[in-house]
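Working notes, beginning with the structure itself.
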Amino acid sequence: MNIVKPKTLFDKVWERHIVSEEADSPTILYIDLHLIHEVTSPQAFSGLRQREMKVRRPDKTLGVMDHSTPTISLLESDIIDNMSKIQMDQMAINCKEFGIKLYEFGSPDNGIVHVVAPEKGVSQPGMTIVCGDSHTSTHGAFGALAFGIGTSEVEHVLGSQCLLQYKPKSYEVRVDGKLKKGVTAKDIILTVIAKIGTGGGTGHVFEFTGSAIRSLSMEERMTICNMSIEGGARAGMVAPDETTFEYLKGKEFSPKGEEWETAVENWKSLTTDEGAIYDAQLILNAEDIEPMVTYGTNPGMGIQITESIPYLISIADPDSKVSTEKALDYMGISPGKKIMGHPIDVVFLGSCTNSRISDLRQAAEILKDRKVADSVRMLVVPGSQLIKKQAEAEGLDIIFKAAGAEWREAGCSMCLAMNGDQLSPGQYAVSTSNRNFEGRQGKGGRTFLASPLTAAASAIAGKVADARGYL
Amino acid sequence: MNNFNTITSKVIPLPRNNIDTDQIIPARYLKATDKVSVAEGLFADWRFYPDGSPNQEFIINQKIYQNAEILLAGDNFGCGSSREHAPWAITGNGIKAVISTSFADIFKNNALKNNLLPITVDPEIHKSLLDLSEEAPEANISIDLETQKVFLPAGQEFDFQIDPFAKKCLLNGVDQLGYILSFEANIAEYEKTRKSVIIQ
């Protein structure tokens, strides 16, 4: 009898991309799709020039401009400084010289790299996808193996379409059951990270499974996979299913006609086999998940919105205690206090985590016929220019503007504060982005990470608020 | 890539857990198109006051550590963004090795491609190094990559692990892209079997 060892989804995608394996050396792994942006690619192109090399597969490479671009307008005069302008110009020069398709600043197709590639149908099941950006894990929502790389590796992929990689371990994150009203995909992933910590998934690839994950839309799956890296896992995956195929059908770069049928047949094999064993596992019940807010300076420092900031005495590990103490000091908050009701100055609705049309719709539903508190500045930054157009077609921009929020052009914006959108020292923000690190959203700025629902409710209340009172 | 020699240096203690890449180098320092000028951004929000003057309290600014080459950091060092600017900024300030109880995956990868040696130690050794840096801040330790050993002043020593390929690359200055391209025949063969999206 021929017994085939059951495989995980991750095993299957990995094995299909092995070019060569040598003893005592990393695997040479083939990359199907390479996404590039202006901040982490210039030094890689310089390296290619020094070597007098071409880009091996410009047809498997796609560029956008997102990190440095202003969102206040599409005018070049609003680019924050000369260095950013030079970096963006260099991106255009590099893509032109090496024959790479680029959605540049001002293009109707530009936007955040992890929003643009999926909406164009470029990110597809079973692919290996890399980008010089840690949130490349987003594309795992399609059942792709997608992870962030450094600039040296960007150069490797440009030059060879391959990477040197050791196979990570597998980690099942299973969420069974049905989410309660007012609880979102963002709350699932913030719960996972609060449970395992920011290093909990190091060395692993997550696969998100279970009935709660199955019932999520592609956009919600992207939110979850996006933040895999905040749990330490370079990649997160969801096995493709009808939801995936439905999303991809008819997209610009999706296969068409007969090729579509063949592709779907192939994609259907991308599931974890019955009996496959993961190296690690976390099981959650969707019913136990509540809206989450972070209180500290890493995404693992999250609590349910009705909870209080933990007492230091409850932390056993001395190093963690010191780190938490420093975090609370930076955040200017005290143990034992409720997070709900904490005054805020800014609400940021955007980023590769939560800037898609469904995120904007959720926030708009709460903001409709309501006003952002006078003390709060709210920025709504769509993830791509196409999403912006869609939102305007639905009249969402009118709702945001009538509520007193700023309606922006697409880009990374205040998620990483290198483009003009940023917090002032000491300001508090509720942000739908992915990182609450010290100074991440502006030097001295203090971030509470939460879902678009919580962000919208907090904007109205002028303080951290539970959206369930507004639904 | 330079060959990697033995390091002998004082140890700069920075025992915070989860030092993320936004702390190592804030995003506003990522606008460079070269690798050298990012050095000024290292720990910028800790190293400098808002007016740009150096914070003398911050450990790396202390005179005793001026030429130190070894950083002792807390758990999960380098979590967050994939920016290779982090190891560029660290090595740009003369640091050649970071010791921690664990490293984030992408940071570790990036470090090894930039002649920066990440050494993972268990919590007891971490504690003894921290104690040493407090009790005898002037003391040097030595790291020998060839034998994978760290030597402490009192004659103590411990071994560390590193994957053999990364070690070979550091010691011999292997060009990793060149190494991949030596498999050109395999890559070309593989490409014949692949059919996937073409972006043009």
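Coordinate-derived values only; no laboratory data. Just so it is clear, the model here is predicted, and its values are computed rather than measured. Backbone-built Cβ (ideal geometry, glycine too); neighbour counts: all protein chains shown.
List of remarks:
- Amide hydrogen proximity for A:Gln281: with H placed 1.01 Å from N in the peptide plane, the residues at 5 or more positions away or on another chain lying under 5 Å are A:Glu172.
- Sparsely packed trypsin sites (Lys or Arg not before Pro) within segment A:290-343, loop by DSSP, other Cβ within 10 Å at most 16: A:Lys337
- 3J(HN,Hα) along segment A:126-133, derived from phi through the Karplus expression 6.51 cos²θ - 1.76 cosθ + 1.60 where θ = phi - 60°, amounts to x, 7, 9, 10, 10, 6, x, 6 Hz, with x in place of Gly and Pro.
- Once backbone amide H atoms are built at 1.01 Å from N, A:Thr272 has A:Leu9 as its partners under 5 Å, excluding neighbours fewer than 5 places away on the same chain.
- Debye intensity ratio I(q)/I(0), log10, the protein assembly as shown, q values 0.08 Å⁻¹ (C-alpha model): -0.56
- Too-long pairs where the Cα-Cα distance tops 20 Å, listed order kept, from A:Lys12/A:Lys169; A:Lys12/B:Lys113; B:Lys35/B:Lys96; A:Lys251/A:Lys401: A:Lys12/B:Lys113; A:Lys251/A:Lys401
- Applying a DSSP loop filter and a limit of 15 other Cβ atoms within 10 Å to the GluC sites (Glu not before Pro) in segment A:283-332 leaves A:Glu307.
- Debye log10 I(q)/I(0) for segment A:226-290, one point scatterer per Cα, at q = 0.18, 0.26 Å⁻¹: -0.93, -1.17
- Average beta carbon contacts from partner chains per residue of B:105-112, 10 Å cutoff: 6
- Largest-first principal axis extents, alpha carbons of segment A:56-204, Å: 49, 38, 28
- Inter-centroid distance (Cα atoms) of segment B:3-37 relative to segment A:41-69, Å: 24 Å
- Antiparallel DSSP beta bridges within segment B:7-174, as percent of all bridges there, nearest 5: 45 percent
- Using a simple spin-label model with pseudo-atoms 7 Å out from Cα toward Cβ, B:Asn140 and A:Ala393 lie 6.9 nm apart.
- The distance linking segment A:294-372 with segment A:96-137 is 30 Å (Cα centroid to Cα centroid, whole angstrom).
- Within 10 Å of each Cβ in A:15-23, the average number of Cβ atoms from other chains: 3
- The HN-Hα couplings worked out from phi for segment A:300-307 by the Karplus form 6.51 cos²θ - 1.76 cosθ + 1.60 (θ = phi - 60°) are x, 8, x, 9, 5, 4, 8, 8 Hz, whole numbers, x standing for Gly and Pro.
- DSSP bridge pairs, segment A:292-469: antiparallel proportion in percent, nearest 5: 30 percent
- Where the Cα pairs of segment A:292-469 fall when distances are cut into 5 Å bins, in %: 1, 10, 19, 22, 19, 13, 8, 4, 2, 1, 0
- Global geometry of segment B:7-174, whether rounded, prolate or oblate, following the gyration tensor of its Cα atoms and the 1.5 cut on a/c: oblate
- Phi angles across segment A:450-463 convert, under the Karplus curve 6.51 cos²θ - 1.76 cosθ + 1.60 with θ = phi - 60°, into 3J(HN,Hα) values of 7, 7, x, 5, 5, 4, 5, 4, 5, 4, 5, 6, x, 7 Hz, Gly and Pro given as x.
- GluC sites (Glu not before Pro) within segment A:25-108, DSSP loop, no more than 15 other Cβ atoms inside 10 Å: A:Glu52
- Neighbouring Cβ atoms from other chains, within 10 Å of the Cβ of residues in B:83-92, number 3 on average.
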